[in-house]
Amino acid sequence: MLFIIFYPDILALIIIYNGIGMCPELITDRVLIRGLSDNDLLAFSLYRAMPAVAKYQSWDENYSLADAQALLAGTDYASFGQEGCWYQLAIVDRKTETLFGDLAVHFIDEQQVEIGFTLAPQFQGKGIAYEAVKALLAYLFNTLNKHRVIAITDTQNSASCQLVERLNFRQEAHFINNVFFKGAWGDEYVYAVLKSEYQA
């Protein structure tokens, strides 16, 4: 099933709905968002191992191709949307299939979703993450009818904070020294946006 939804700053979001419990494909002006494939894994593992990328993430600079293969092997895209599960989605160039980065989607419960996003350094600062996350939000709110979406960021990760704030997320919490992360206690922000607040 094909849906086309028009938005002013991403031209059009095309949703290829593959059926209940199947991973969708989201197409915007520049990007295709889809499940990870074997062909993505080398580039995926290379940018995840970069110090600037790993700095605020749960993995470290030793992230390998084997780690990426294990992540994909442990992901059941046929159950997409299952409560309690995380899914990694590739952000690729819609024309060349070059991997720009990825989105993480965690279905917390029936009505709430947590998201994350990672871009390879050479593709940062070009509006790609904004375009991809905006498309994902449109899908979560308008197609899946979710009530609330959250994002958790390190308080020092200013680029991520700026992105979610630009997408109308509210800062709901500032946790102080709540996580022991890579050898030190760190602070986190919790951001959230409700469907009723979301502006396409």
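The values are calculated or read from the model by the stated rules, or taken from the named source; none is laboratory data. In this text the structure is predicted, and so the values were computed from the model without any measurement. Cβ atoms come from the backbone with ideal geometry, glycine included; neighbour counts cover every protein chain shown. These area figures cover heavy atoms from the full protein model, side chains too; ligands, DNA and RNA do not enter into them. Shrake-Rupley method; radii C 1.70, N 1.55, O 1.52, S 1.80 Å.
Placing +1 at every Lys and Arg Cβ and -1 at every Asp and Glu Cβ, with all other atoms neutral, what dipole size does the chain have around its Cα centre, in debye to the nearest 20?
It works out to roughly 440 debye.
Based on the mean of other beta carbon atoms within 10 Å per residue, what is the order of 70-76, 151-157, most packed first?
151-157, 70-76
Just from its helices, what would the mean residue ellipticity at 222 nm be for the chain, if runs of 4 or more DSSP H residues each count -39500 (n - 2.57) and the sum is divided by every residue, rounded to the nearest 500 deg cm²/dmol?
Per the formula, -5500 deg cm²/dmol.
For a label point 7 angstrom out from the Cα of W86 toward its Cβ, which stretches of the stretch 168-200 have the backbone nitrogen within less than 11 Å?
Under 11 Å, as judged by backbone N against the label point of W86, lies no residue of the stretch 168-200.
Which of the aspartates and glutamates could be linked to K55 by a straight reach, that is with a Cα gap under 15 Å, when you skip same-chain ones fewer than 8 residues away?
Within the straight-line cut-off, K55 pairs with D154, D187, E188.
Kindly report the accessible area of the stretch 131-200 per residue (heavy atoms of protein chains, probe 1.4 Å, no ligands, DNA or RNA), in Å².
Accessible surface, normalised per residue, equals 49 Å².
If Lys and Arg each add +1 and Asp and Glu each add -1, what is the summed charge of the other residues whose beta carbon sits under 13 Å from the beta carbon of F107?
Once all neighbours under 13 Å are counted, the net charge is -3.
Tell me, what is the FRET efficiency for A173 and E61 to the nearest 0.05, using R0 = 35 angstrom and their Cβ-Cβ distance as r?
0.75
Tell me the net charge near T75. Cut-off is 14 Å between Cβ atoms, T75 excluded, with +1 for each Lys or Arg and -1 for each Asp or Glu.
Neighbour charge sum, excluding T75 itself: -4.
Run the accessible area of the chain with a 1.4 Å probe and give the carbon-and-sulfur part as a rounded percent.
Ligands and nucleic acids excluded, carbon and sulfur give 53 percent.
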